[in-house]
Amino acid sequence: MLHRDVSLAALVLMFCIRSLHGSALPAVSSYEFTAYRMQQYNLGQQKNGCRGAIVVAEARSADEPILTRRCVIMKLPDFTAEKYLEAQRQNAAAILILLPKNIFSFPHETVQSFMVSEREAMRKETLMPVYVAPEDEQLLYMYEEVKQAAATRTSSIFIRVLRSMVTATAFQILVSTNVPIKAITDNTIVTLEGVLPGAEEDSPTIVIAAHYDSYGLAPWLSYGADSNGSGVTILLELARLFQKLFRSQSTRPPYNLMFSLTGGGKYNFLGTKRWIEENLDHAESSLLHDNVAFVLCLDTLANSDELFMHVSRPPKSDTPIHSFYQQLEEVVSSRFPWVKVGLVHKKINLVESTVSWEHERYSLRRIPSFTVSHLENHKSEQRGSILDTMSQVDLKKLKRNGIILAEALARFMYNISDKGSPKDVQIFKGHLDFQDVRVSSLMSILTSIPRAAQLMDKEPGHILLVNSLEQEFRHYLQQVHVHSFRQDKRDPDITFFDQMNQPIVMYRVKPAAFDLFLGGCIAGYLGIVYYAIQNFGFLFTKLKSAVKTKRQ
């Protein structure tokens with residue numbers, strides 16, 4: 001009987017030792033990775049994003065019923081507006097979102113759901129730190145562990161106690177910094193301007209504009225492929241193609257073409273606002289002072305079989321905007337009949353402190369303008385998401401939308417309809433066509449780095465990107481100017497904050513119940529050894545007798 005007890009104690013001890021070494025991470029190990037903090041900025045008096053950065057909490061799954069003072073770990077499908085608000089309600093210590101490397105593998109509905117929740121999370125400020133980290137093997141292992149721990153909490157009390165005492169592990173998430181979050185008010189917003197002069201000195205002007213910055217839950221993960229890398233790509237292609245038409249006096253149209261790439265577009269189009277003020281209020285001579293036919297703003301054009309023309313007021317029949325819209329419909333109906341074209345009218349609400357589209361900045365100064373986009377609603381979640389990567393881009397549709405705009409613009413400028421030309425006349429073909437390789441290359445360059453506004457004047461790679469855009473302008477356009485707008489530090493339009501990327505340390509630890517259990521096992525083992533030593537003669541006699549009996 002005593003021999004059987006000793007064997008049972010040894011088996012229990014071996015089971016405990018195997019539990020310690022059976023995991024992928026040793027109990028005393030730690031893992032450090034980089035995570036990116038949620039947006040934090042003040043736009044005027046309005047505060048947005050998360051105000052906290054420090055985290056010292058145990059990792060828990062979003063499926064857990066109690067999240068108070070815990071760091072909630074979520075994967076892409078887990079992050080919903082409901083779970084985010086529930087974590088806030090329970091005063092969770094933080095949220096850590098694991099971002100997959102390959103978004104192509106997720107259904108469209110899952111991506112759209114994340115974008116909606118992302119937009120909802122950024123609408124208001126929160127003290128709860130929110131971080132996003134790219135997935136890797138160690139983080140996925142941690143996620144599976146906390147998911148399994150959440151699942152066992154629905155088991156019987158005996159199973160839960162046994163697992164907690166013997167096999168359970170916990171992960172401690174630590175973000176520590178001795179430096180408080182600092183406001184940044186010295187950002188410089190850069191706007192590029194270039195011109196193709198028309199056939200006559202007093203030619204009316206057409207402005208083609210697009211903003212180049214991006215927006216998303218975390219600035220360092222905001223690549224803005226569709227919004228608005230697509231608009232920048234089409235603008236640069238239009239500059240290249242029309243430069244060939246303007247190069248010859250015989251094909252130069254009776255219009256000036258002005259191109260404008262603006263910064264700060266995701267923050268109330270501040271770069272556009274300052275550029276208009278510079279041209280109208282401070283410059284002695286500017287094409288915006290003269291006769292402006294219209295301003296065409298390009299925004300989010302890399303997908304869908306729909307094109308919408310957004311206006312602040314319905315265009316009258318005798319206006320250039322109405323004529324351009326007719327040309328747009330003719331091009332689509334004759335060459336791309338499957339594409340839907342629509343006119344969306346939204347008045348500017350002067351009570352609101354922000355505008356919805358870039359053209360509204362021009363409309364406020366009584367300059368005729370409109371925005372073309374494949375989005376019908378200005379509140380669409382696709383206009384600002386960390387999932388707006390090349391996975392959201394259809395290069396064929398991007399090229400097609402560029403061709404539609406180029407053809408409609410040329411038909412308007414050369415007044416082709418009134419000259420009796422056929423409706424399906426094709427101007428941009430051969431060496432004047434959109435180049436697939438160039439469109440793909442421009443999109444790749446624009447999405448190679450995050451283009452969040454707070455990074456564009458701080459990081460060498462971002463400054464190089466702006467310089468590259470300037471070189472594109474100088475290669476194809478004339479009268480190129482670079483406008484750098486600095487904010488008033490005492491009364492800035494927008495205030496950003498630092499510590500947008502943080503090192504996070506993940507510690508693997510055993511619960512306190514395990515220490516008690518292990519202590520009990522060690523005490524029991526020592527007790528057995530002590531008993532065996534004290535009663536060695538008795539045990540030896542018993543063992544000798546048992547061996548003798550077995551031989552007989």
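Taken as a whole, the structure places residue 367 among residues that are under 18 Å from residue 323 (Cα atoms) and touching a residue at least 12 places away in the same chain (Cβ under 8 Å). Among the residues of the range 216-265, just one is surrounded by fewer than 24 Cβ atoms within 10 Å (Cβ to Cβ), under 24 Å from the mean Cα position of the chain (by Cα) and not hydrophobic (A, V, I, L, M, F, W, C), namely 223. Taking the stated definitions as given, is residue 321 touching an Asp or Glu at 6+ places or on another chain (Cβ under 7 Å), hydrophobic (A, V, I, L, M, F, W, C) and assigned by TED's automatic domain parsing to the domain that holds residue 391? The answer is no for residue 321. All of (1) in a loop (DSSP other than H, G, I, E, B); (2) surrounded by fewer than 20 Cβ atoms within 10 Å (Cβ to Cβ) hold for residue 302 with one exception: (2).
Condition check ((1) closer than 16 Å to residue 390 by Cβ; (2) surrounded by fewer than 19 Cβ atoms within 10 Å (Cβ to Cβ)) across all residues:
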{"position": "434", "(1), (2)": "no, no"}
{"position": "440", "(1), (2)": "yes, yes"}
{"position": "453", "(1), (2)": "no, no"}
{"position": "457", "(1), (2)": "no, yes"}
{"position": "461", "(1), (2)": "no, yes"}
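Annotation note: Cβ proximity below 9 Å between a residue of the range 275-293 that is surrounded by fewer than 16 Cβ atoms within 10 Å (Cβ to Cβ) and a residue that is of a type in the set (Lys, Arg) (sequence gap 6+ or interchain) occurs for 277/365; 280/365.
Residue 358 fulfils the conditions (1) over 18 Å from residue 404 (Cβ atoms); (2) surrounded by fewer than 16 Cβ atoms within 10 Å (Cβ to Cβ) except for a single criterion, (2). Residue check: residue 323 meets all listed conditions (1) surrounded by 14 or more Cβ atoms within 10 Å (Cβ to Cβ); (2) more than 34 Å from the chain's Cα centre (by Cα); (3) assigned to a loop (DSSP other than H, G, I, E, B) but one, namely (3). In the range 388-408 there is at least one residue matching the filter, namely being under 17 Å from residue 443 (Cα atoms), in the same structural domain as residue 343 (by TED's automatic domain parsing), at pLDDT below 95 and surrounded by fewer than 17 Cβ atoms within 10 Å (Cβ to Cβ).
Scanning the range 485-534 for residues that are farther than 20 Å from residue 41 by Cβ, part of a strand (DSSP E or B) and either modelled with pLDDT under 85 or of a type in the set (Ser, Thr, Tyr) (or both) gives 507, 508, 509. Residues in the range 25-64 that are closer than 30 Å to residue 491 by Cα, not charged (D, E, K, R) and not in a strand (DSSP E or B): 38, 39, 44, 45, 52, 53, 54.
How many residues does the range 98-127 contain that are polar (S, T, N, Q), closer than 21 Å to residue 35 by Cα and loosely packed, with under 15 Cβ neighbours inside 10 Å? So the count comes out to 1.
The values are calculated or read from the model by the stated rules, or taken from the named source; none is laboratory data. No experiment lies behind these values; they were computed from the predicted model shown. FYI the Cβ positions are ideal-geometry reconstructions off the backbone, even for glycines, and counts take in every protein chain you see.
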